[in-house]
Amino acid sequence: MVKITLRGTDTKEYENGTTIYEVAKSISDSLARAALGGIVDGEVKELTFGLDHDCDLNIITFEHEEGKKILRHTASHVMAQAVKRLYPNTKLAIGPAIDDGFYYDFDSEVNFTNEDLKAIEAEMKKIVKERIRLERFTLPKAEAVKMLKEAGEPYKVELVNDLGDDEVISFYKQGEFTDLCAGPHAFDTGVVKAFKLMSVTGAYWRGNENNKMLQRIYATAFPTKDELKAHLEQLEEARKRDHNMLGRELGYFTTVDTIGQGLPVLLPKGAKVIQILQRFVEDTEARLGWQMTKTPLMAKSDLYKISGHWDHYKDGMFVMGDEEKDKEVFALRPMTCPFQYQAYLNKMRSYRDLPLRYSETSTLFRNEASGEMHGLIRVRQFTISEGHLMCTPEQLEGEFKACLELTTYMLKTLGLYEDVSYRFSQWDPNDRAKYIGTEDQWNEAQDMMEKILNHLNIDYKVGIGEAAFYGPKLDIQIKNVFGKEDTLITIQIDQMLAEQFGMEYTDADGTKKNPCIIHRTSIGCYERTLALLIEKYAGAFPTWLAPVQVQIIPVSEKHFEYASALREKLLDAGLRVEADMRNEKLGYKIREAQMEKLPYMLIVGDKEAEEGTVSVRSRKAGDLGAKTQDEFIKFIKEEIDSRAL
């Protein structure tokens, strides 16, 4: 007998070898029907896994993240089997579960169309009805390579060849279809009850643009049709909020082929919102003791060699010149830290000078892969609220806390605070070439950061291999409307670059020491923030952020003079206002202002011109009736000054 502790509380005895499915069935038939796997002593296992020792067991369903992965990973195998049935010459690449579904990459002589997707869906339905068992088996590496070569699967052969010679390779067989896979999977194909193939796009093999372009089919799967329907409706709403569509429609930005991918042109509305954000950030930082710098957009390779960017980040930089031919080689800056360090090095420093806080509204350049770029969220040129803080070890925790409090204030003011999550990004000691510094330095920095995060009660996940090459960081993560996660804000601890640059201060005892450095952003990348705000508010910005706060709409041409005088008064009051002086019908002008999602419209006709009033229409509250000009100015400025959302 073995003792199984369920969910860390109830302990029951079962016969040695009892499967997870049998444990679920002993609890209830409904749980057994819903079960997709189990977490045994922290490891995800399949329902057929036999329990042969005392352990903790948590039975997982689709409600658990791991349960979603199991169902959707199984669905990806169903899709691959359907593709191989319909298009036998297709070569298989990879097919993982992702946050909101799954995908599979194929190398096919057929260019998949929407009609092909419908055919694949129909074949998948047949496979689901067949309820084919998924059976796991393993092979030594040499035998695995031989089998895959015979099957004509070169991409799978490459994956296996990357593994160690002593590795045991696992496969899953379902009927005539076999796939290289680590698992886990559902019991049979019948579990994939509701699914939808969403789109087909190009994807480079292994994400490398030097490799062959494959076809990636994106899809999603749920246990029930109702859940799938709800998800598709949510996606439709997301499309309406997609900044890449809505931002263009509302005139916030555009892109031009002759300028280049990832180089958006901010139109007046978009530029105005970013200007508002920059002034807000810069004024807030100044009140908190941050000193502004302005540093060059480029530097010689010498600077990047000191910082380590030349060795660890050169592929992501725009380099001008050839080191073998040219006396000097320059590169556009991908980050500001090595530039701001020169301000610190401008004179000798004492412990009395610390903490020293430098901020900068920095334009940066990163050579992103073409397949990674998306609207304003991931671009090649962007502007960031960047800062670097030099302090003593004793000041580090307090300053880190202050940086986090600043970001929290920014997020709450913008209405994004509830949408973010936290990731403690650490180094990967098994990938030493990626990082500078010693193992002791990394352990010290990460232990220090872990202590700080725990003291601050930050609920975070750990991201191994996500650290910067010079230090660990707290990444504040956010998802766009389609669920794709990106980093919005980072706060990093760096104990290495000060030594690299010879940055020192004289301590109270007269000794020379290297300062601790905090790299941080307060609001992140302005372009990305603008994109997320467009999606958050579906283009209907809060009044304090709206590029146009008030639209004056004269009823007819004879009211233009009053409208013009009113506009001047509102401009003098510091409002962002436009007047629609076109000879169009009143209803047409109102509808257009509504389509542009403007916070307020002021309708002015005979009565308003005679009485010196305005008829106020609010985007949110509708008709607010008549107000004097001064009453309206007082009303809207109170809303703006409070930064109401």
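The values are calculated or read from the model by the stated rules, or taken from the named source; none is laboratory data. Quick caveat, the model's predicted, so the values are computed rather than measured. Cβ: placed from backbone, ideal geometry, glycine included. Neighbour counts: every protein chain shown.
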Looking for something touching a Gly at 6+ places or on another chain (Cβ under 9 Å), part of a strand (DSSP E or B) and in contact (Cβ under 8 Å) with a residue 12 or more places away in the chain - is there at least one such residue anywhere in the stretch 316-330? yes
Can you find a residue in the stretch 425-448 that is among the β-branched types (Val, Ile, Thr) and either free of Cβ contacts under 8 Å to residues at least 24 places away in the same chain or outside the structural domain of ARG287 (by TED's automatic domain parsing) (or both)? yes
Whichever residue in the stretch 590-632 is of a type in the set (S, T, N, Q) and within 22 Å of LEU250 (Cβ to Cβ) and, among such residues, is surrounded by the most Cβ atoms within 10 Å (Cβ to Cβ): SER618
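I'd like to check something: does the stretch 342-351 contain any residue that is within 17 Å of CYS525 (Cα to Cα) and in contact with a strand residue (DSSP E or B) (Cβ under 9 Å, 6 or more places away or on another chain)?
No - not one qualifying residue is present in the stretch 342-351.
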Being more than 18 Å from LYS173 (Cβ to Cβ), assigned to a strand (DSSP E or B) and of a type in the set (Asp, Glu), is that true of even one residue in the stretch 89-102? no
TRP427 vs. criteria hydrophobic (A, V, I, L, M, F, W, C), at pLDDT below 95, in contact with a helix residue (DSSP H, G or I) (Cβ under 6 Å, 6 or more places away or on another chain) and over 30 Å from ALA538 (Cβ atoms): yes
Could you grab me the full set of residues in the stretch 79-135 that are hydroxyl-bearing (Ser, Thr, Tyr), surrounded by 15 or more Cβ atoms within 10 Å (Cβ to Cβ) and farther than 17 Å from TRP205 by Cα? TYR87
Quick check, is ILE70 surrounded by 13 or more Cβ atoms within 10 Å (Cβ to Cβ), under 25 Å from LYS156 (Cβ atoms) and β-branched (Val, Ile, Thr)? yes
Within the stretch 233-269, residues of a type in the set (A, V, I, L, M, F, W, C) and loosely packed, with under 13 Cβ neighbours inside 10 Å come out as VAL256, ILE259, VAL265
Every residue in the stretch 443-457 that is under 21 Å from GLU394 (Cβ atoms) and not in a helix (DSSP H, G or I), please. LEU456
Would the stretch 28-44 turn up any residue that is over 32 Å from the mean Cα position of the chain (by Cα), among the aliphatic types (A, V, I, L, M) and either part of a helix (DSSP H, G or I) or closer than 30 Å to THR5 by Cα (or both)? yes
How about the stretch 221-264: which of its residues are of a type in the set (D, E, K, R), within 19 Å of the chain's Cα centre (by Cα) and not in a helix (DSSP H, G or I)? ASP242
Assuming ASP283 fulfils every condition listed in (1) surrounded by 15 or more Cβ atoms within 10 Å (Cβ to Cβ); (2) assigned by TED's automatic domain parsing to the domain that holds ASN367; (3) in a helix (DSSP H, G or I) apart from one, which condition is it? (1)
Exactly one of these conditions fails for SER26: (1) over 23 Å from GLY101 (Cα atoms); (2) buried (at least 16 other Cβ atoms within 10 Å of the Cβ); (3) among the polar types (S, T, N, Q). Give me its number. (2)
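Going by what's in this entry, would VAL273 be described as touching a Leu at 6+ places or on another chain (Cβ under 7 Å), of a type in the set (A, V, I, L, M), assigned to a helix (DSSP H, G or I) and modelled with pLDDT of 95 or more?
yes
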Report yes if some residue within the stretch 617-625 is touching a Ser or Thr at 6+ places or on another chain (Cβ under 7 Å) and under 26 Å from LYS269 (Cβ atoms); otherwise report no. yes
Restricted to the stretch 331-354, and to residues that are touching a residue at least 60 places away in the same chain (Cβ under 8 Å) and not aliphatic (A, V, I, L, M), which residue is surrounded by the fewest Cβ atoms within 10 Å (Cβ to Cβ)? SER350
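For GLN261, indicate whether it is among the polar types (S, T, N, Q) and at pLDDT below 95.
For GLN261, the condition - among the polar types (S, T, N, Q) and at pLDDT below 95 - is met.
Yes/no matrix, rows are residues, columns are (1) under 42 Å from the mean Cα position of the chain (by Cα); (2) among the β-branched types (Val, Ile, Thr):
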{"residue": "PRO599", "(1), (2)": "yes, no"}
{"residue": "ILE603", "(1), (2)": "yes, yes"}
{"residue": "GLU610", "(1), (2)": "no, no"}
{"residue": "LYS620", "(1), (2)": "yes, no"}
{"residue": "GLU631", "(1), (2)": "no, no"}
{"residue": "LYS634", "(1), (2)": "yes, no"}
{"residue": "SER642", "(1), (2)": "yes, no"}
Scope the stretch 34-58; condition within 16 Å of THR74 (Cα to Cα) and without any contact (Cβ under 8 Å) to a residue 24 or more places away in the chain; matching residues: GLY38
Say we look at the stretch 361-382 and pick out the residues that are of a type in the set (A, V, I, L, M) and at pLDDT below 90; which of these is surrounded by the most Cβ atoms within 10 Å (Cβ to Cβ)? MET373
Restricting to helices (runs of 4 or more DSSP H) lying wholly in the stretch 104-200: which have 3 or more residues that are assigned by TED's automatic domain parsing to the domain that holds LYS212 and within 32 Å of the chain's Cα centre (by Cα)? 114-130, 154-161
Please find, within the stretch 395-442, the residue that is surrounded by the fewest Cβ atoms within 10 Å (Cβ to Cβ) out of those that are part of a helix (DSSP H, G or I) and among the polar types (S, T, N, Q). THR408
In the stretch 485-522, anything outside any strand (DSSP E or B) and touching a residue at least 60 places away in the same chain (Cβ under 8 Å) is listed as MET496, LEU497, ALA498, GLN500, PHE501, GLY502, MET503, GLU504, ASP507, ALA508, PRO515
Would you confirm whether any residue within the stretch 175-187 is surrounded by 15 or more Cβ atoms within 10 Å (Cβ to Cβ), under 21 Å from VAL110 (Cα atoms) and hydroxyl-bearing (Ser, Thr, Tyr)? no
